[in-house]
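Step one of this worksheet: look at the structure below.
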Amino acid sequence: MFFYRLMQSFVRFGLKWYVTDLQCKNLDYAAHNLPAIVVANHPNSFFDAILIAAYSKNEMRFLARGDAFKHTWSHWMLRNLFMLPIYKRNDDPDAAVKNAFTMDEAVKLMQEGKRIFLFPEGVSRNVYQLQHFMPDGISQLIQRAVQRDVPVQIQPYVLAYSSFDYVPKAASLEGLSPLDCTNYMVNGVVDVSVVLSGLREKMEFSIPSESIDPRAVKNNSKEWMKIPAQIGQLLHQQLYRYVKAQVKLKTDGTIFFDSILFGVLLFGYPVLVLLLSWIIGSLVGFWTGFMIFILLPLSSYCWVNYSPIIVDKEIHHNRKNALNKKKAV
C-alpha cells in the first residue's frame, strides 16, 4: 500500500510537467468503496492507465498482456508495478489455466478493496470512436466475482486529450456512474451481454468526437512565469529536442509516442537533475549545487506551463499498435 501511494504521488507530481490543463469531471462517481472493475476508452496507449491510476482514490491492479511476463526480470518488475498477466490462446497453449489463476487472484484482490483495471476494447487506437469490445476477460471476471458473492460494480471512465503528439497538453478525465452487475442477474447468472451493452451506450454518450480544447486561462495568471520560462527554455530546449527526436524515431507511426516520452521524462529527468546537482555541488560547493537542484525543475515547470497547448484535430486511424524495430541512434 505504501509503495503504491508513493508511486501514485510521484506520477501525479510528474504529470504537472506534462498535462498543464487537466479537466477532471464527476470523479465522485468513483469514490465508493465497493468491489469494482474499472474500465475506460483506450485512445492513448499506456498513458490512459497512468492518468486514471494517478487520480483514483482506490488502489488498482492492471490486467496486462501475458507475453510481457515471460522473462523472470520482467515478471518481477511488472508484478511490482501492480500488473496481472492475461494470456492469449494463440500465444500460450496453457492460456486458459493461467488466466483462471489470474481471475481468481483478481477476485480476491477485489474482496480486499482493490480495483481491477482493464480496457474492454483490448487494443489502443489514437481515435475517440469506441472500438469493438473484447468481452472474454471482463465476462470471466464478472462471473467469477458473482459466483463468490462479490457485488462487483463496473466503474467507467472516459478519456480525451488535446493531442497525442504535443507537450504540453490538455487532458479530460471523466467519471461515469457505475453499473451494479447484480442488477443484471438472471437465475443466478449475470447477463454480461446486457451489462456490456449498457456500458457501451454510457461511454459512447460521453466520449468526445475529436480532440478537446484547453480551458481559457485567466488574464495574467501565468505572467509571473514568463522570465523563469525563458530560462527554462534556454536550459532545457536542446536536450528535450534530442530526447523527443529519439522517442519519435522509435515510435513513429505508432500509438506509443506520448506514453514512452512521458515515461522517459518522468524517470530520466529527476536522475539528470540529481546527477548535475551532485557534480556541480562537488566541484563548486554545496549551495551552488542546491541552487541548480531548485533552478532546473522550477524553470522547466514554468517553461512547460507557460507554453501554449497545441490542439491536433487530425484523425490517426492508421497508427500501429507495435513499436518500430529500427533502433534510435
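The values are calculated or read from the model by the stated rules, or taken from the named source; none is laboratory data. All of these numbers come straight from a predicted model, not from anything done at the bench. Cβ coordinates were reconstructed from backbone atoms using ideal geometry, including for glycine residues, and neighbour counts include every protein chain displayed. Accessible surface is based on the protein model in full, side chains and every heavy atom, while ligands, DNA and RNA are left aside. Shrake-Rupley method; radii C 1.70, N 1.55, O 1.52, S 1.80 Å.
Report yes if some residue within segment 64-80 is within 19 Å of M134 (Cβ to Cβ) and part of a strand (DSSP E or B); otherwise report no. There is at least one residue in segment 64-80 that is within 19 Å of M134 (Cβ to Cβ) and part of a strand (DSSP E or B).
Just for segment 247-261: of the residues that are hydrophobic (A, V, I, L, M, F, W, C), in contact with a helix residue (DSSP H, G or I) (Cβ under 8 Å, 6 or more places away or on another chain) and in a helix (DSSP H, G or I), which one is most open to solvent (accessible area, probe 1.4 Å)? My answer is I260. Out of V107, V123, V146, V127, one residue alone is surrounded by 15 or more Cβ atoms within 10 Å (Cβ to Cβ) and assigned to a loop (DSSP other than H, G, I, E, B). It is V127. Scanning segment 81-101 for residues that are outside any strand (DSSP E or B), among the aliphatic types (A, V, I, L, M) and open to solvent by less than 30 Å² (accessible area, probe 1.4 Å) gives A95, A100.
If you check S209 against the conditions, is it among the hydroxyl-bearing types (S, T, Y), farther than 30 Å from V167 by Cβ and either in a helix (DSSP H, G or I) or open to solvent by 90 Å² or more (accessible area, probe 1.4 Å) (or both)? Against the criterion (among the hydroxyl-bearing types (S, T, Y), farther than 30 Å from V167 by Cβ and either in a helix (DSSP H, G or I) or open to solvent by 90 Å² or more (accessible area, probe 1.4 Å) (or both)), S209 does not qualify. Apart from one condition, H71 fits all of (1) touching a strand residue (DSSP E or B) at 6+ places or on another chain (Cβ under 9 Å); (2) more than 30 Å from E210 (Cα to Cα); the exception is (1). For segment 21-35, a residue qualifies if it is assigned to a loop (DSSP other than H, G, I, E, B) and either open to solvent by 80 Å² or more (accessible area, probe 1.4 Å) or under 14 Å from S206 (Cα atoms) (or both), and the qualifying residues are N26, N33, L34. Could you say whether any residue in segment 46-55 is open to solvent by less than 20 Å² (accessible area, probe 1.4 Å), closer than 27 Å to S139 by Cα and of a type in the set (F, W, Y)? Scanning segment 46-55 turns up at least one residue that is open to solvent by less than 20 Å² (accessible area, probe 1.4 Å), closer than 27 Å to S139 by Cα and of a type in the set (F, W, Y).
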